[in-house]
Amino acid sequence: MARKKKELPLLQGVEITGIAAEGRALARIQWRPEDESRIVLFVPYASVGDVADIQVDRKKHSFAEGHIVRLVKPSSARVEPRCGHFGLCGGCKWQHLPYDEQLRWKQQQVVDALERIAKVELPEVSPIIGSRQIWEYRNKMEYTF
């Protein structure tokens with residue numbers, strides 16, 4: 001007999017506060033009302049400042065993963081993705097953010113990985129130099145069968 005799958009909650013009014021690896025946004029949520037500690041919730045295709053209703057898809061001990069069901073209040077940083085396949089093919093995960101924001105958050109990921117995870121003390125980090133060609137240069141597609 002198969003184990004009964006645990007029903008995971010729909011979280012309402014979650015505010016996105018950061019961007020993590022692989023373009024997933026993050027929020028810190030209180031999982032249980034009686035518990036004061038917070039866990040990290042990873043959400044793809046969200047932007048810092050978004051307020052959304054999020055369906056939790058997976059829950060682990062220290063983090064959860066979910067997806068946006070309804071965007072309650074879009075971030076002022078959010079832009080309309082240019083590609084009609086955005087979110088489907090897996091080639092680009094950042095098109096809902098302006099290019100300068102993409103660069104800023106990608107740089108922050110590198111700094112976080114070196115300082116927080118690798119415990120490397122960094123000198124002042126210069127900003128990323130962006131490309132002049134910001135569209136139609138990707139050559140990666142992922143297909144699921």
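Quick one: with all protein chains in place, what share of the accessible area of the chain is carbon or sulfur, to the nearest percent (1.4 Å probe)?
Percent of accessible area from carbon and sulfur atoms in the chain: 52.
What angle do you read, to the nearest 10 degrees and between 0 and 90, between the alpha-carbon axis of helix 99-112 and the longest principal axis of the chain?
That works out to roughly 70 degrees.
For the chain, what does the helix formula give at 222 nm: sum of -39500 (n - 2.57) over DSSP H segments with n ≥ 4, over the residue count, nearest 500 deg cm²/dmol?
-3000 deg cm²/dmol
With respect to the cross-link table entries LYS5/LYS106; LYS5/LYS73; LYS60/LYS119; LYS6/LYS119; LYS59/LYS106; LYS60/LYS93, which display a Cα-Cα separation exceeding 29 Å?
In this structure, LYS5/LYS106; LYS5/LYS73; LYS6/LYS119 lie more than 29 Å apart at Cα.
State the extension gain, in nm to one decimal, for the chain segment bounded by ALA21 and GLU124, taking 0.36 nm per residue of separation less the distance between their alpha-carbons.
34.9 nm
Kindly rank 46-53, 12-19 from highest to lowest mean number of other beta carbons found within 10 Å of each residue.
46-53, 12-19
Could you tell me the center-to-center distance, by alpha carbons, between region 1-64 and region 69-145 in angstrom?
Comparing the Cα centres of region 1-64 and region 69-145, I get a distance of 20 Å.
The values are calculated or read from the model by the stated rules, or taken from the named source; none is laboratory data. Just so you know, these numbers come straight off a predicted model, no measurement behind them. FYI the Cβ positions are ideal-geometry reconstructions off the backbone, even for glycines, and counts take in every protein chain you see. For accessibility, only protein heavy atoms count, side chains too; no ligands or nucleic acids. Shrake-Rupley method; radii C 1.70, N 1.55, O 1.52, S 1.80 Å.
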